[in-house]
Structures are given as structure tokens and as C-alpha cells.
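**Q** Pasting a structure here, questions to come.
A short reminder: the numbers here are calculations on the coordinates, not readings from a lab. It should be emphasised that the depicted structure is a prediction, and the values quoted were computed from it without experimental measurement. Backbone-built Cβ (ideal geometry, glycine too); neighbour counts: all protein chains shown.
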Amino acid sequence: MPKRRVQKRFDTKEVQGEGSYVILSSLRVSERRRYAKDAEEEGFSALEWSISLLMKHVIEWNWGDEDDNPLPLPKDDPKVIDDLTDPEAELLATLLMNPSAKN
């Protein structure tokens, strides 16, 4: 019987250089529904919602900072999200929300 693919590996050379990658778990329909519901609430922040998803869905990466130090996974150190560059964060959000856009 076929097995569902819930994790996918993406090449991230455009933001982290040759050989870099990230593995993301798939969004669930329930998460998209929750987003739609929460977006109607006063004070809703799409940015904070996206950050919470990244912390949950980034399974693995081999990313480093500008000094070649490995970046911890968001689930291990949520502060790492604050240190991502705009292109890095944008790529992660794009891959998470639309995984067929790349690879």
C-alpha cells in the first residue's frame, strides 16, 4: 500500500549556499482551516502565525550563520527565527505554504 509523504527535503542554495537543505513536514488541512478562522479575529498576526508553523514544521536543516556556525533548529531554539534573513524566512514560508513551488 502507498504511504503518505509527510516530510519533504528542499534545496536551499539560493539563501544558504551550495549543498544546503531543509526538511519540512507537510501542513495539514486543519492548520489551514485554523488560519482562516484565526485570520478573522481581531489582533490576528499572520507573521506570528507563520513563525509558529515554522517552529513546528522545520524538521531538519544544515543551515549556518555568517560565521559558519550551525543554526539550531527552531524547535530547539525558537530565537533562531529572529536571526533569519528576510530571504531565508520568505523561502521557508513559501516552501511550507506551497511545497510544489520548488523541487
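**Q** Need one number: nm distance between label points at residue 41 and residue 56, each 7 Å from Cα along Cα→Cβ, rounded to one decimal.
**A** Inter-label distance under the simple model: 1.3 nm.
**Q** Which semi-axis lengths, in whole Å and largest first, follow from the square roots of five times the eigenvalues of the Cα gyration tensor of the range 15-57?
**A** After diagonalising the Cα gyration tensor, the semi-axes are 26, 13, 6 Å.
**Q** Quick one: which residues, 5 or more positions from residue 71 or on another chain, have an amide H under 5 Å from its amide H? H modelled 1.01 Å from N in the peptide plane, none for Pro or chain starts.
**A** Sorted by chain and number, the residues that satisfy this are 63, 64, 65.
**Q** Same structure again: Given a cut-off of 23 Å, what percent of all Cα-Cα pairs of the chain lie beyond it?
**A** 28
**Q** In addition: Tell me, what is a quarter of the convex hull surface for the C-alpha atoms of the range 47-92, in nm² with one decimal?
**A** Taking the Cα atoms of the range 47-92, their convex hull projects to 3.1 nm² on average.
**Q** Figure the gain on full extension for residue 23 and residue 65 (residue separation times 0.36 nm, minus the Cα-Cα span) and round it to one decimal in nm.
**A** Net length gain for the segment: 13.3 nm.
**Q** State to the nearest 20 debye the size of the charge dipole of the chain about its Cα centre, where the only charges are +1 on K and R beta carbons and -1 on D and E beta carbons.
**A** It comes to approximately 1160 debye.
**Q** Estimate the FRET efficiency between residue 73 and residue 33 by the formula 1/(1 + (r/R0)^6), using the beta-carbon distance for r and 35 Å for R0, to the nearest 0.05.
**A** With a Förster radius of 35 Å, E is 0.85.
**Q** For the range 7-101, how many pairs of lysine residues have a Cα-Cα distance under 23 Å, where the two are 8 or more positions apart or belong to different chains?
**A** Lysine pairs meeting the criterion: 8.
**Q** Dipole of the chain (Lys/Arg Cβ +1, Asp/Glu Cβ -1, origin at the Cα centre): which of 29, 12, 92 lies farthest to the positive side?
**A** 29
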